Amino acid sequence: MEILDKYNDVRQQLFDAVGYVEGWRVLPVDDARDYFWHLTGEGYGDAVLFAKEVGNVHNGTMQDGYCNEIYTQRHLPRWVYRGNELTMIVVDTNVDGNKLIQFFDNTKEVE
């Protein structure tokens, strides 16, 4: 019981740090803090580009990295949640139906 209580508490602390209120669908958390990242936008049709090397993420283009589409769940007021240290993005990997919430380090955002 204590392990589940700790898990739920830490998960809620992550959500509180960025102002996210979990709604209709419960999504897994992905720790993407090791990646440099760039948002092409914050809505429908936009994506987050991310890579291990800062030089592989360039203002809307990417080399040797990954791209996840912003998952625009209709029950959420927004899909990108910026906190002081972390940004949480609701994404669709477009692989095997996987949708998740990714946490990125704000100091590694590529403008």
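Among Val48, Val91, Val26, which one shows the biggest mean-square fluctuation in a GNM of the chain, springs joining Cα atoms closer than 10 Å?
Per the Cα network of the chain with a 10 Å cutoff, Val26 tops the list.
If amide H atoms are built 1.01 Å from N in the plane of the peptide, which residues on other chains or at least 5 residues away come under 5 Å of the amide H of His58?
Gln63
Helix 2-18 sits at what angle to the longest principal axis of the chain, using alpha carbons and giving 0 to 90 degrees rounded to 10?
Once rounded, the angle reads 50 degrees.
Determine ³J(HN,Hα), in whole Hz, for all residues of segment 26-42 in sequence, where each value follows from phi through the Karplus function 6.51 cos²θ - 1.76 cosθ + 1.60 and θ = phi - 60°; x replaces Gly and Pro.
Couplings: 8, 10, x, 9, 10, 7, 10, 5, 6, 9, 7, 8, 8, 9, 7, x, 10 Hz.
What lysines does Lys52 reach when the alpha-carbon gap must be under 28 Å and sequence neighbours fewer than 8 apart in one chain are set aside?
Hits, sequence-local ones excluded: Lys99, Lys108.
For percent of Cα pairs over 16 Å apart, several values are listed as (i) 58; (ii) 76; (iii) 62; flag the one computed from this structure.
(i)
For Ile3, Ile101, what's the fewest-to-most ordering of other Cβ within 10 Å of each Cβ?
Ile3, Ile101
For the chain, give the magnitude of the charge dipole about the Cα centre (Cβ charges: +1 Lys/Arg, -1 Asp/Glu; no others), in debye to the nearest 20. Could the numbers behind the result be given before it?
Details: 10 positive and 19 negative charges, 57 e Å.
In debye, rounded to 20, the chain gives about 280.
How would you rank Glu69, Glu85, Glu111, going from fewest to most other Cβ atoms within 10 Å of each one's own Cβ?
So the residues, fewest neighbours to most, are Glu111, Glu85, Glu69.
Which of the trypsin sites (Lys or Arg not before Pro) found in segment 3-111 are loop residues per DSSP with 11 or fewer other Cβ atoms within 10 Å of their Cβ?
In loop regions of segment 3-111 (DSSP not H, G, I, E or B), the sparsely surrounded trypsin sites (Lys or Arg not before Pro) are Arg25, Arg74.
With point charges of +1 on the Cβ of Lys and Arg and -1 on the Cβ of Asp and Glu, referenced to the Cα centre of the chain, which listed residue (Ile89, Ile101, Trp24) lies farthest in the positive direction of the dipole?
Checked the options; the winner is Trp24.
What distance in nm lies between label points placed 7 Å from Cα along the C-beta direction at Val54 and Asn94?
2.8
No lab work stands behind these numbers, since they all come straight from the coordinates. It should be emphasised that the depicted structure is a prediction, and the values quoted were computed from it without experimental measurement. When we count neighbours, we look across all protein chains shown, and the Cβ atoms used for this are built from the backbone with ideal geometry, even at glycine.
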